[in-house]
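Trainee: I'd like to ask some things about the structure below.
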């Protein structure tokens, strides 16, 4: 899969995953023939319930897990044949905290850079820390930092060798809403610097806020890959809520149509409709309400969220 550069020339995907499967020794199959292409400079969100295979897929790309079948290429280089080269172009922020709590922030980032064989570069470490609003904390021990700041240190370590692709595995797990929004801002800044970012999450709002494209994984299989906005337009339903002037005990037979339900309190009717349909049925419904003598005092519409779409796609799997 390729996409067009501004000059019009085709550019290969920065990450290509072809037919990747993983079956563990005990017989459990975590991934089933996964195909995925990631474009340069995009934020791609991989959504799925716990146990869907998200972390296994990241582990394979980052060389931490061996695929049973399939191939992975980073900038056209096979991850097995060119391990050192491909690994040097990838940064990984794992779910679990993997930091020495008694190490100073700047030292932790500098050490991580050395693990990739990169020469000492205090100026680069300073830039990374400043970009992540950590420079003022550079001489503090990690144990003194808040949970959100520790997450930022994890990202700083992953960026220490200046990778082109950054994996964020559940980057905001366990942090509060304010810290989560701060993390989103960090990710957007990284994209502006030209980084390609792949994040796994089960926070639907995270994908909706940040991602250019969303992939949904269920029981080890990619069931959908779509641009976030297109996904909302294609799969999103709208719901019309009609606030009634008087309560109803049941929907009158004359109004019984698909998608129309009565609220538990009896003071509102909800009508789900397809935004893509040639006719939504709303005009007919309103006329029928009038004919049946049902008075409407107010109405409003609501677009279904990506979370509702996601639940539909995975069939409520947990």
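The values are calculated or read from the model by the stated rules, or taken from the named source; none is laboratory data. Keep in mind the model is a prediction, meaning the values are calculated, not measured. Cβ coordinates were reconstructed from backbone atoms using ideal geometry, including for glycine residues, and neighbour counts include every protein chain displayed.
Trainee: If you check 26, 59, 63, which single one turns out to be within 18 Å of residue 202 (Cβ to Cβ), more than 16 Å from the chain's Cα centre (by Cα), assigned by TED's automatic domain parsing to the domain that holds residue 88 and not in a strand (DSSP E or B)?
Mentor: Working: 26 fails: within 18 Å of residue 202 (Cβ to Cβ); 63 fails: within 18 Å of residue 202 (Cβ to Cβ).
Exactly one of 26, 59, 63 is within 18 Å of residue 202 (Cβ to Cβ), more than 16 Å from the chain's Cα centre (by Cα), assigned by TED's automatic domain parsing to the domain that holds residue 88 and not in a strand (DSSP E or B), namely 59.
Trainee: Could you grab me the full set of residues in the range 166-180 that are within 14 Å of the chain's Cα centre (by Cα) and without any contact (Cβ under 8 Å) to a residue 12 or more places away in the chain?
Mentor: Hits for the range 166-180: nothing passes.
Trainee: Counting only residues that are at pLDDT below 90 and not in a helix (DSSP H, G or I), how many does the range 117-168 have?
Mentor: Number of matching residues: 4.
Trainee: Can you find a residue in the range 138-146 that is touching a residue at least 40 places away in the same chain (Cβ under 8 Å), surrounded by fewer than 15 Cβ atoms within 10 Å (Cβ to Cβ) and in the same structural domain as residue 170 (by TED's automatic domain parsing)?
Mentor: Checked the range 138-146: at least one residue is touching a residue at least 40 places away in the same chain (Cβ under 8 Å), surrounded by fewer than 15 Cβ atoms within 10 Å (Cβ to Cβ) and in the same structural domain as residue 170 (by TED's automatic domain parsing).
Trainee: Quick one: in the range 1-52, which of the residues that are surrounded by fewer than 21 Cβ atoms within 10 Å (Cβ to Cβ) and in contact with a helix residue (DSSP H, G or I) (Cβ under 7 Å, 6 or more places away or on another chain) is modelled with the highest pLDDT?
Mentor: 41
Trainee: Quick one: residue 190 ticks every box in (1) closer than 27 Å to residue 87 by Cβ; (2) part of a helix (DSSP H, G or I); (3) in contact (Cβ under 8 Å) with a residue 60 or more places away in the chain except a single one, so which number is it?
Mentor: With (1) closer than 27 Å to residue 87 by Cβ; (2) part of a helix (DSSP H, G or I); (3) in contact (Cβ under 8 Å) with a residue 60 or more places away in the chain applied to residue 190, the lone miss is (3).
Trainee: Let me ask something else. On the basis of being within 19 Å of residue 198 (Cα to Cα) and surrounded by fewer than 17 Cβ atoms within 10 Å (Cβ to Cβ), does residue 126 make the cut? So that I can check it myself, show each step before the final result.
Mentor: Values: within 19 Å of residue 198 (Cα to Cα): no; surrounded by fewer than 17 Cβ atoms within 10 Å (Cβ to Cβ): yes.
Against the criterion (within 19 Å of residue 198 (Cα to Cα) and surrounded by fewer than 17 Cβ atoms within 10 Å (Cβ to Cβ)), residue 126 does not qualify.
Trainee: Let me ask you something else. Just checking, does the range 205-218 include any residue being crowded, with 18+ Cβ neighbours inside 10 Å, assigned to a helix (DSSP H, G or I) and touching a helix residue (DSSP H, G or I) at 6+ places or on another chain (Cβ under 6 Å)?
Mentor: yes
Trainee: Something else now. Being touching a strand residue (DSSP E or B) at 6+ places or on another chain (Cβ under 9 Å) and surrounded by fewer than 22 Cβ atoms within 10 Å (Cβ to Cβ): is that true of residue 64 here? Can you show your working first?
Mentor: Numbers: touching a strand residue (DSSP E or B) at 6+ places or on another chain (Cβ under 9 Å): yes; surrounded by fewer than 22 Cβ atoms within 10 Å (Cβ to Cβ): yes.
Yes.
Trainee: Okay, moving on. What are the residues in the range 133-142 that are within 28 Å of the chain's Cα centre (by Cα) and farther than 12 Å from residue 109 by Cα, if any?
Mentor: Matches in the range 133-142: 133 only.
Trainee: Right, something else. Output the number of residues of the range 285-318 satisfying the condition of being at pLDDT below 75 and part of a strand (DSSP E or B). Even if it seems obvious, please write down each step before you answer.
Mentor: Keep residues of the range 285-318 that are at pLDDT below 75, which gives 303-318.
Subsequent filtering for residues that are part of a strand (DSSP E or B) retains 303.
Within the range 285-318, residues that are at pLDDT below 75 and part of a strand (DSSP E or B) number 1.
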